[in-house]
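**Student:** There's a structure below that I have some questions on.
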Amino acid sequence: MSATMRAARMHNVGEPMKLEELPVPEPGPGDVRVAVHAVNIVPNLANILNMWTTWFPHSPLPTLPAVFGLDPAGVVEAVGPGVHGFQAGDRVYVNPGRSCGSCRSCRNDDSINCASYAFAGYFGFSPTALDLLDRYQGGLSEYMLAPAYSLVKLPDNLPFNTAARFGYLGTMYSALRKAGAAPGKSVLINGISGTLGIGAALLAPAFGLTHVYGTGRDRTLLDQVGKLGGGRLHLHSLDDGPLDEWIHEETDGYGVDIYIDALGPGAPHETFRAGMRAMARGGVAVNIGAVAGDLPIDIHRMMDQQLRLMGSAWFTAGEGQAMADLVAAGVIDLSPLEDQVFPLEQVNDAIGGIARRNGGFSNFIISPRAATQAS
């Protein structure tokens, strides 16, 4: 094989990525080298590349120049010493979550709460995450290194393009698990037509959910989402009135057992608060959309009604494997996602064009290899 590979690197914040030739990385102990076939371009990537150092200076980017790319999928090409359970030729999704392995959380088998937790090819959650960010670059390249603990084995019926969407799907999957989603539970998804929210419609069968309530503004998108649920979905445009009033009408005043907010940083706070008011006694609220800023919450009502509010960031490789197994079993159908594939040379066009997507249905993919190989 060639000693070099093509990669897209960002040299300075706010500048377009540059296509360059870099050395092919060699896997060390516990690592694998993956031949990348597909990388998902998430809607938030442009904000990370252009605004992150201003918005969240305490959460570092990798040392520049760096290869970004959050959600890669491909084939294991080589394994380093000490790797067990994976071999060359395995089809995999690479979970970007990186942990140190030695802090208190890691030693308690809670690696997602690692003190140095980082998203390879994206950003870290603390200043100590920089070493992991620099050691493991992202997926916008022909090859990448990844720790074996981050891999998800893919079944043959799960295309690389679809697997590269696992990041946002897994975020919703983990939130539903943490909230106790199960048969008999009612769930409200605020922003169900977006990239995060649509995951609930696709994952509902895996949790046995029969009552999923969803909100959005675009009625055309909501109509598209409504066709996914097999009768499970009850949808409401926020232009038609407050969501809490709608939920109480739909549930005879009871409210929902689980509320998941999937709206992004620019969303109005009142929409989030209305979701909190829509909860039934003993309900659980999970924020995965990163609504930003100080948010007034009725703490007294939370106490009286025994409500819980938590944040959930990402998902584990184990949860990713569970999703892959559910796809293999035919329980989860991800075929409604609409792939828009770009070659590596057009990475800047893809990042700039994602704002014109068809809501959560659009699956923006960079294929560092021939398009025919990214299936």
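The values are calculated or read from the model by the stated rules, or taken from the named source; none is laboratory data. These figures come from a predicted structure and were not determined experimentally. Positions of Cβ are backbone-derived with ideal geometry, glycine not excepted, and every protein chain shown enters the neighbour counts. These area figures cover heavy atoms from the full protein model, side chains too; ligands, DNA and RNA do not enter into them. Shrake-Rupley method; radii C 1.70, N 1.55, O 1.52, S 1.80 Å.
**Student:** Of all accessible surface on segment 1-104 at a 1.4 Å probe, what whole percent is carbon and sulfur?
**Tutor:** Whole-percent figure for carbon plus sulfur exposure: 56.
**Student:** At 222 nm, what value in deg cm²/dmol follows for the chain if DSSP H runs of at least 4 each add -39500 (n - 2.57) and the sum is divided by all its residues, to the nearest 500?
**Tutor:** Computed mean residue ellipticity for the chain: -7000 deg cm²/dmol.
**Student:** What is the packing order of peptides 203-216, 291-304, 163-176, taking the mean over residues of other C-beta atoms within 10 Å and listing the highest first?
**Tutor:** Final packing ranking: 163-176, 203-216, 291-304.
**Student:** Among the DSSP beta bridges whose two residues both lie in the chain, what percent are antiparallel, rounded to the nearest 5?
**Tutor:** Here the antiparallel bridges make up roughly 55 percent for the chain.
**Student:** About the Cα centre of the chain, what is the dipole size in debye to 20, counting +1 per Lys and Arg Cβ and -1 per Asp and Glu Cβ, all else neutral?
**Tutor:** Roughly 420 debye, rounded to the nearest 20.
**Student:** With an 8 Å cut-off on Cα pairs and a minimum separation of 6 or more residues, tell me the relative contact order of the chain in percent.
**Tutor:** Relative contact order, the chain: 18 percent.
**Student:** If segment 100-251 were replaced by its equivalent ellipsoid, with semi-axes equal to the square roots of 5 times the Cα gyration tensor eigenvalues, what would those be, largest first, whole Å?
**Tutor:** 35, 18, 16
**Student:** I'm checking a number: the convex hull volume of the Cα atoms of the chain, normalised per residue, in Å³. What is it?
**Tutor:** For the chain, the hull spanned by Cα atoms encloses 136 Å³ per residue.
**Student:** Note down the net charge around Gly226, summing +1 for each Lys or Arg and -1 for each Asp or Glu among other residues with Cβ under 13 Å from its Cβ.
**Tutor:** +1
**Student:** On average, how much accessible surface per residue is there in segment 270-331, in Å², for a 1.4 Å probe, leaving out ligands, DNA and RNA?
**Tutor:** On a per-residue basis, 47 Å².
**Student:** Same structure, new question: Just the Kirkwood number for segment 34-113, please: inverse of mean 1/r across all distinct Cα pairs, in Å, one decimal.
**Tutor:** Every distinct Cα pair counted, the radius reaches 15.3 Å.
**Student:** Hey, how many Å between the Cα centroid of segment 95-144 and the Cα centroid of segment 192-229?
**Tutor:** After rounding, the separation between the Cα centres reads 31 Å.
**Student:** Report Rg(Cα)/(2.2 N^0.38 Å) for segment 231-306, keeping two decimals.
**Tutor:** Compared with the compact-globule rule of thumb, segment 231-306 sits at 1.08.
**Student:** Let me ask you something else. Tell me the carbon and sulfur percent of the accessible area for segment 170-295, rounded to whole percent, probe radius 1.4 Å.
**Tutor:** Result for segment 170-295: 47 percent of the exposed heavy-atom area is carbon or sulfur.
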